[in-house]
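*Asks:* Take a look at this one; I'll ask things after.
The values are calculated or read from the model by the stated rules, or taken from the named source; none is laboratory data. Because the structure is predicted, anything quoted here is derived from the model rather than measured. Glycine also receives a Cβ, built like all others from the backbone with ideal geometry; neighbour counts cover every protein chain displayed.
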Amino acid sequence: MLGNSSISQRFAEDFKIGGEMRIPRVDQDLCTGCGACVDVCPEVFELGDDDIARVVNPTGASEDRIQEAIDGCPAEAILWVEE
């Protein structure tokens with residue numbers, strides 16, 4: 001079984017686009033704290049003490065799973081950004 005860092009490194013290669021990296025970001029002004037993203041992808045998202053979602057490991061899951069969390073956000077508060 002791979003450790004979390006090995007998984008993150010493996011998925012990180014999937015996120016590169018033209019040398020830049022595409023990662024999820026939560027717009028905390030839009031987030032309602034429903035936790036849907038955490039339910040789908042707890043390796044990437046968590047709810048803070050303020051019940052607002054945040055990204056804790058942007059490459060902790062496959063791009064498809066993160067997209068599933070993005071698509072399932074009722075507030076449309078999660079988007080992809082390039083870094």
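*Asks:* Name every residue in the range 45-68 that is more than 14 Å from Leu30 (Cβ to Cβ), assigned to a loop (DSSP other than H, G, I, E, B) and β-branched (Val, Ile, Thr), in order of residue number.
*Replies:* Once the filter is applied, which keeps residues that are more than 14 Å from Leu30 (Cβ to Cβ), assigned to a loop (DSSP other than H, G, I, E, B) and β-branched (Val, Ile, Thr), the range 45-68 yields Val56, Thr59.
*Asks:* Now, a different point. Here is a list: Glu68, Glu13, Glu20, Glu83. Which entry is at negative phi, acidic (Asp, Glu) and modelled with pLDDT of 95 or more?
*Replies:* Glu68
*Asks:* Could you please give the count of residues in the range 48-72 that are farther than 18 Å from Met21 by Cα and in contact with a helix residue (DSSP H, G or I) (Cβ under 6 Å, 6 or more places away or on another chain)?
*Replies:* Residues flagged as farther than 18 Å from Met21 by Cα and in contact with a helix residue (DSSP H, G or I) (Cβ under 6 Å, 6 or more places away or on another chain) within the range 48-72 amount to 4.
*Asks:* From the list Leu47, Leu79, exactly one residue is among the aliphatic types (A, V, I, L, M) and surrounded by 15 or more Cβ atoms within 10 Å (Cβ to Cβ). Which is it?
*Replies:* Exactly one residue qualifies, and that residue is Leu47.
*Asks:* Sticking with this one: Regarding the range 26-33, can at least one residue be identified that is under 8 Å from the mean Cα position of the chain (by Cα) and hydroxyl-bearing (Ser, Thr, Tyr)?
*Replies:* no
*Asks:* Which of (1) surrounded by fewer than 13 Cβ atoms within 10 Å (Cβ to Cβ); (2) touching a Gly at 6+ places or on another chain (Cβ under 9 Å); (3) modelled with pLDDT of 95 or more does Ala36 not meet, given it meets every other one?
*Replies:* Against the list (1) surrounded by fewer than 13 Cβ atoms within 10 Å (Cβ to Cβ); (2) touching a Gly at 6+ places or on another chain (Cβ under 9 Å); (3) modelled with pLDDT of 95 or more, Ala36 comes up short only on (1).
*Asks:* Taking interchain pairs and intrachain pairs at least six residues apart, which have beta carbon atoms under 6 angstrom, with the first residue in the range 55-69 and without any contact (Cβ under 8 Å) to a residue 60 or more places away in the chain and surrounded by 18 or more Cβ atoms within 10 Å (Cβ to Cβ) and the second of a type in the set (Lys, Arg) and not in a loop (DSSP other than H, G, I, E, B)?
*Replies:* Taking only residues 6 or more apart or on different chains, not a single pair turns up.
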